[in-house]
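Read through the structure below, which is laid out as structure tokens, and then see the notes.
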Amino acid sequence: MFIGAQVSLYPMTSGFVDVIMSSLGALDPYREDLRIETDDMSTLMVGPPEALTGAMRDLFAAATRSGEHVTMHVTLSRGCPGEPDDPSCHCEALVEAQDKSLEERRRIAAAAVADAPDLGAPIDVQFSLYVLGQDRHMDEIYGCIDFLKETGVFLKSKNFCTRLRGDAGAVFAAIREAFLRFGPAEGHVTIDLTASANSPSPKASAA
């Protein structure tokens, strides 16, 4: 299976280079487990889901600590039939997660979010889960939404996406569980995600 993400970090400041460069050290603990390739548009990360979501979480959390308004856009994918198999992406947890009913997967996923570390980095996320090439795909999507409502980071449903708000630890745990536990283990599943932190918009609207 091929599991990967295209990640782009956008600091909303003239000092964006410093914010990006000072955040990259957060990826160091994951470099042995992930293939990381950067060009002028995005950074490709390929590897097992735990390392993949951990790297995205820690990169974004580090950027938020600059105090600047930062956003990150991510396209996550697993099982794409157009990509070659990659042994580094093997994920026993993915197979185990799918050998259970939808209700049981929801319960396990919610427990995993409850155990997530608190990183002291409040963030907002909106994302969409796409279960591709499968009949009754909406059962998996509705099951995922029901799980998110049990996590404590669910904010609201929007057209075409779901809003999450909370500490980066819990929010990215919810994203990881959505990616792992909903949709077939050997199927093609993608997530489109935008994260934001330190936005001036809530302050402006409250003024």
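The values are calculated or read from the model by the stated rules, or taken from the named source; none is laboratory data. Values in this document were obtained by computation on a predicted structure and should not be read as measured data. Cβ placement follows ideal geometry from the backbone for every residue including glycine, while neighbour counts extend to all protein chains displayed. These area figures cover heavy atoms from the full protein model, side chains too; ligands, DNA and RNA do not enter into them. Shrake-Rupley method; radii C 1.70, N 1.55, O 1.52, S 1.80 Å.
Name the residues of the range 147-169 whose amide N is less than 18 Å from a point 7 angstrom out from the Cα of Tyr130 along the C-beta direction?
158-163
Given a 1.4 Å probe and heavy atoms of the protein chains only, how would you sort Met1, Met12, Met138, largest accessible area at the top? Don't skip to the end; give the middle numbers.
On the way: Met1 50, Met12 105, Met138 70 Å².
Heavy-atom accessible area, descending, gives Met12, Met138, Met1.
Ordered by residue, what ³J(HN,Hα) values in Hz, to whole numbers, does the range 169-174 give under the Karplus form 6.51 cos²θ - 1.76 cosθ + 1.60, where θ = phi - 60° and Gly and Pro are x?
The phi angles translate into x, 6, 5, 6, 5, 5 Hz.
Say the dipole of the chain comes from +1 at the beta carbon of Lys and Arg and -1 at that of Asp and Glu; which of Ser14, Gly54, Thr43 then lies farthest toward its positive end?
Farthest towards the positive end: Ser14.
Between the range 1-54 and the range 119-143, what's the alpha-carbon centroid distance in Å?
21
Give the distance, in whole Å, between the Cα centre of the range 69-104 and the Cα centre of the range 145-207.
16
Please give me the summed charge of the neighbours of Thr13: other residues whose Cβ is under 14 Å from its Cβ, Lys and Arg +1, Asp and Glu -1. All intermediate terms of the calculation are to be shown ahead of the outcome.
Values: positive: Arg65; negative: Asp18, Glu68.
With Lys, Arg at +1 and Asp, Glu at -1, the net is -1.
Once you've got the GNM for the chain with C-alpha springs shorter than 10 Å, pick whichever of Pro29, Pro49, Pro122 has the biggest mean-square fluctuation.
Pro29
As a test question: what accessible area, to the nearest 10 Å², does Lys158 have when a 1.4 Å probe is rolled over all protein chains in place?
Near enough 90 Å² of accessible area.
Just to verify a number: what accessible area does Ser101 come out at with the full protein assembly present, 1.4 Å probe, Å² rounded to tens?
Rounded to the nearest 10, that gives 70 Å².
For the pair Ser22 and Asp118, how long in nm is the line joining their label points, each one 7 Å along Cα→Cβ?
Here the answer is 2.5 nm between the modelled labels.
Can you put Arg31, Arg105 in order of accessible area, largest first, using a 1.4 Å probe? Provide the component values of the computation, followed by the final result.
Numbers: Arg31 110, Arg105 15 Å².
In descending accessible area the options line up as Arg31, Arg105.
Using a 1.4 angstrom probe and counting only protein chains, how large is the accessible area of Asp192 in Å², to 10?
Probe radius 1.4 Å; accessible area of Asp192 about 60 Å².
Grab the DSSP H runs of the chain that are 4 residues or longer, score each as -39,500 (n - 2.57), total them, divide by all residues and round the 222 nm result to the nearest 500 deg cm²/dmol. Don't skip to the answer; put the middle values down first.
Values: 7 runs with 76 residues, N = 207.
After summing the helix terms and dividing by residue count, I get -11000 deg cm²/dmol.
Can you tell me the Rg and the Dmax, both Å, for the Cα atoms in the range 1-129?
15.8, 49
With +1 on each Lys and Arg Cβ and -1 on each Asp and Glu Cβ, how big is the dipole of the range 1-49 about its Cα centre, in debye rounded to the nearest 20?
Details: 2 positive and 7 negative charges, 22 e Å.
Once rounded to the nearest 20, the dipole reads 100 debye.
With Kirkwood's inverse mean 1/r over C-alpha pairs for Rh, give me the Rg to Rh ratio of the range 75-168, two decimals please.
Details: Rg = 14.7 Å, Rh = 15.1 Å.
Looking at the range 75-168, the ratio lands at 0.97.
Collect residues whose amide H, placed 1.01 Å from N in the peptide plane, falls under 5 Å from the amide H of Met12; neighbours closer than 5 in sequence don't count.
It is His69, Val70, Thr71, by chain and number.
When you count, for each residue, the other Cβ atoms within 10 Å and take the mean per peptide, how do 82-88, 5-11, 114-120 rank with the highest first? If you can, show how the numbers build up before the last one.
Details: 82-88: 10.3, 5-11: 19.4, 114-120: 13.6.
The most tightly packed comes first, giving 5-11, 114-120, 82-88.
What order do Ile191, Ile141 take when sorted by accessible area (1.4 Å probe), most exposed first? Numbers along the way, then the final one.
Details: Ile191 0, Ile141 30 Å².
My answer, sorted largest first, is Ile141, Ile191.
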